[in-house]
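The values are calculated or read from the model by the stated rules, or taken from the named source; none is laboratory data. Because the structure is predicted, anything quoted here is derived from the model rather than measured. Here the Cβ positions follow ideal geometry from the backbone for every residue, glycine too, while neighbour counts run over all protein chains shown.
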Amino acid sequence: MTASTQVERALLDTSVLIDPPHGLASLATEVVVSTISLAELAHGLHVPDAVESAARQLRYQRILDVFEPLPYSVAAARTYGALADVVRSAGRSPRQRRFDLLLASVAVSQGVAILTRNPRDFSGLHHTLQVVDAS
């Protein structure tokens, strides 16, 4: 389900942390981040270009300064298994979408929407996952 109106609380997809949209407040009253996004961002911190690497390090630190990340929970882990099964049942590999599935599992287990610049990454995962398009 894709939302076009403001939601109460939304989990920020990594794509939104990398490139925040203008008017974020019009999309969600409260936004949160997950340790999953922190892991995904940390994976890309060190690149050959020293200036780009410094910019990524700075963005990462700013996120840590602003947010108290939601930890990955047992409930999210169980939800991940169910979402991976949905993807497998549709004839696709959950392995290629693991970060998306992990983030979706946090959103579903927390009962919050997911705010993303890539709504197609989350399409068809589950009817309880509310996806807010930030593109």
Exception for Q61 within (1) surrounded by fewer than 17 Cβ atoms within 10 Å (Cβ to Cβ); (2) in contact with a Lys or Arg (Cβ under 7 Å, 6 or more places away or on another chain) falls at (2)
Scanning the range 110-130 residue by residue, those touching a helix residue (DSSP H, G or I) at 6+ places or on another chain (Cβ under 7 Å), modelled with pLDDT under 95 and either among the aliphatic types (A, V, I, L, M) or part of a helix (DSSP H, G or I) (or both) turn out to be D121, F122, L125, L129
S135 meets each of (1) part of a loop (DSSP other than H, G, I, E, B); (2) over 18 Å from L24 (Cβ atoms); (3) touching a strand residue (DSSP E or B) at 6+ places or on another chain (Cβ under 9 Å) with one exception, condition (2)
Among residues of the range 1-38 being among the aliphatic types (A, V, I, L, M) and surrounded by fewer than 14 Cβ atoms within 10 Å (Cβ to Cβ), the residue modelled with the highest pLDDT is A25
For this session: Would you mind stating whether E68 is exposed (fewer than 15 other Cβ atoms within 10 Å of the Cβ), within 18 Å of I114 (Cα to Cα) and of a type in the set (D, E)?
Result: yes
